[in-house]
Structures are given as structure tokens and as C-alpha cells.
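Heads up, the thing below is written out as C-alpha cells.
Just so you know, all these numbers are worked out from the coordinates, no wet-lab data involved. This structure is a prediction, so every number in the text was calculated from the model and none was measured. Reconstructed Cβ throughout: ideal geometry from the backbone, glycine too, with neighbour counts over all protein chains shown.
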Amino acid sequence: MAYPAFRYVALLCGALSLAAAAPVLHAQQPGGAPPGIPMGFVPAKKSELRNRTQVNGRIEAIDQVTLAARVSALLEKQHFEDGAEVASGDLLFSLEKGLYEANLDAGKAAVAQAEAQLENARLNEQRAMELLAKSAGSQSTADTARAGRLSAEAQLAAAKAQQNASEINLSYTEIRSPIAGRIGRSMVKPGNILAPGTALATVVSQDPMYVTFPISVRTYQDLGRRSSERGLAFPSIFRLMLSNGAIYQPEGKIDFIDNSVSLNTDTLLMRGRIDNPLIPTDKGGDGKIRYLVDNEYVTVLIEEDPVPVVEFPASALMTTKAGTLVMIIGDDNVPKPRPVNVGAVDGETAKIVDGVKEGERVAVDGLMMYQMASRGQPLPVMPLDRTAAPVSPGQPGAPGQPGAPQGQPASPQGQPATSPEQKK
């Protein structure tokens, strides 16, 4: 005769626990009831399950700028501390200005001279035109005067352009941050002469940050298939697991999926944005540092939309050849095995997709009683709170009897305390 797989496990557990439970087996309840060791249970609670796809990723600053000298000059002063956060427009470096201020003064003088020459040329042209109108002057004299006026206008324009260039060069002696972010260490110290293009420091933006991560084409298709089956959009929410294993609290949102697959790795590049606030002092920060840093390695957890499930302690699960089972205690206090579809085991909690309904009593403790009793026979049961007395069938407090318990809280750890009989 073929027996269900769970009975093999049951028989083995019963044999191993028989010796330890022998003293208890002699204590029978009135009327031939089963032994007094209670079977602990918890009610299945409504919960939700989010499937997570785990991939590797990198943190990238949204904006990154390398500051460099635009003119040749002596570096006079550094206006920041290495590693400080700066705002857009903050003055970071001052270069020697003397030469560029002198060039600007010369440019202003050249503009004034050109303006005077233009005024004189306009007067000459005006007189020549008046004489020509009275037939007292020649056409050639008038043409020469007009050419002189046009030449003076061009010289003024050139002088103003030179003045503008001098102003721009002078502005380059003050190097300001073009973005808000955190600046690295200074690459050149004051007192050094800079050439155009000399790198001085790098500024990277801090909040928010990009997270880039490649996913395989198969994973990408699986995500799309599961979303389509539920009538949902492609997942757009993700979380981060830091290198120390901690889950980063802010959620991120995917904002970019590349339009081609890498030929070398058969992966598709994705990118998201995530907040990166300052760590407060009450959480170990000094108000100046953040969790996420440019180029930091992280684990990306792509979260799908939640699925309704029930949950109870994972210790209730029994693995057999026939699959994963749990023991359900009916209203008649008769425990019955039932196959379940486990969605996930999160620490000490099992999340069940199918097989158990909300509110059903799931046996978690005293499962050996099922092995000792005849199948289909009621057993004494009790909630996980061991301060309550065991409830035997037909006694007050049993299901269907006056004073029946409506559910009691579990222990603080979420696990039943071990009874003296089980300790033996």
C-alpha cells in the first residue's frame, strides 16, 4: 500500500520523539482523549509579497565637473576644504588678477580713444556733406569723410571686442562651481603657476543619484511576462542593498532602458534615480556625509507589484517527497496536512501564495502529537501564548464551546516557548 510522502516523515519524527514523550503518553484525557501535550497554532495573517530580482549595479553622479584653469596665472587662494559640499556659484579658487586688470584698463582706454575718433569722423563727414550741398565742396571730399567715419566705427567695435575679451579673461581668475555637489581634494596648491587646462578639482552632484545596472535579456523578458500576466506595467521601482548587507531605505525609480543589447554580455543596461539625503546625526552621520557615493558598488533589487499572500512562522513548514506541507487545525481540533505554495521565506516568516486562507489555524508547535494520535482524532490545541491553558475537545474554551479563545498574541519573538515536555 502506498503512503503519502509526508507519512514517512511523520513516522520518523514519531519514532525519534517516542522515548522522550513516554512519560506523557501515560497521561490520557478523560473519555479516551489524546495526551495532554497541546499542539500550538497561530492564525494565518493577511500579508503581501513583492518578488525581487537581484542584480549588480553602480552609483553614478548625475552631474560631474572637473574644474580647470582657463588662463595662465598664479594660483593665489583656495576657498574650500577638501571634501566639502559646495553650492552652485560658490567661489573655489582665486588666481592672480593684476595682469588681467591691466589688460582690461588698456581695453577701456582703447574704447575711449576709438569713440573720440568716431566723433571726429562724424563731424568731418557732416561738414563735407554741407559743403557739397552748397556746391562749395567736391564729391571726393565727401566720400573720403564718409569712409573715415565708417573706419572709425570699425575701430570702435574692435576696441570694444578687445575690452570684452579682457573682461572675460579677468573673470577666469575666479573659478566658481558650476553645479551643487561635493568637491574632492585640490590637485594644485596655492603658489603654483597654472597653465590653461590645468585640472584643479572635481565636483560631483549628490542628491539625487543615478544607479546603472545591466540585466540579462532573459531576466528582462521574465519581468515583462510576469507583469503582463497580472495586467501590470513593467516594474519601475527598485531598492538598494549596500555592501554591508543593509537595505537602503529610499526607493528608486527606473527612468531609462537602453535601446540595444550588449553583444559581449547579452545584457540590457537600465538606469534609475534615487534620493541620497544627508545622514542625520542621530543615525551616525555628522550632517555632512551620505550613504551613496559616486562609483559605489551596490546590489539592485527590482521590485514587482505586490501579490496578496498569508504568512505564519516558517517552522510550520514540512518538506516531504510530495512537496511542502503544513498542518491545518480545523474547528473540530483535528489537524490535517495540506500542501502549500510557498512564495518566500523571509527570516522566520513564511509567505504562502496558495493553500492556506487568512484566519486558518496553522500548527507550529507540538507536531509530534499528530504522529502519536490516530488519524482524524481531535487533539488538545492552544495558541502560541503558553500562558493559556491547553484546550481539549469538548472542554470549555474549545472551538464551538463557551469561552473559546478568539486568538491570543504570540510571544515577542514570534515563536512558541518550548514546553517542559518538549525539552525532555
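Tabulated values for the structure
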item	result
Whole-Hz couplings from phi, Karplus 6.51/-1.76/1.60, listed for the range 320-331; x for Gly and Pro	10, 5, 7, x, 8, 10, 9, 9, 9, 9, x, 5
Rg to Rh, two decimals, where the range 103-168 supplies the alpha carbon set and Rh follows Kirkwood	1.19
Protection proxy ranking of 38-46, 144-152 - average other beta-carbon atoms within 10 Å, highest first	38-46, 144-152
Built amide H within the under 5 Å cut-off of Thr324, gap 5+	Val340
Estimated distance in nm for a label pair at Lys45 and Asp346, the labels positioned 7 Å out from Cα along Cα-to-Cβ	1.1
Contour excess over end-to-end distance, with Cα ends at Arg225 and Phe256 and 0.36 nm allotted per residue	9.3 nm
Other-chain or far-sequence residues with amide H under 5 Å of Met39's (modelled H)	Val381, Met382
Coarse-grained scattering of the range 173-302 at q = 0.18, 0.21 Å⁻¹, given as base-10 log I(q)/I(0) from a Debye sum over alpha-carbon atoms	-1.06, -1.24
Interchain or long-range residues, amide H under 5 Å from Lys97's placed H	none
Calculated log₁₀ intensity ratio I(q)/I(0) where the Debye formula runs over C-alpha points of the range 298-365, q = 0.18, 0.20, 0.22, 0.25 Å⁻¹	-0.69, -0.81, -0.95, -1.15
Exceeding the 18 Å Cα-Cα cut-off - candidates Lys45/Lys351; Lys253/Lys288; Lys77/Lys288; Lys336/Lys357	Lys253/Lys288; Lys77/Lys288
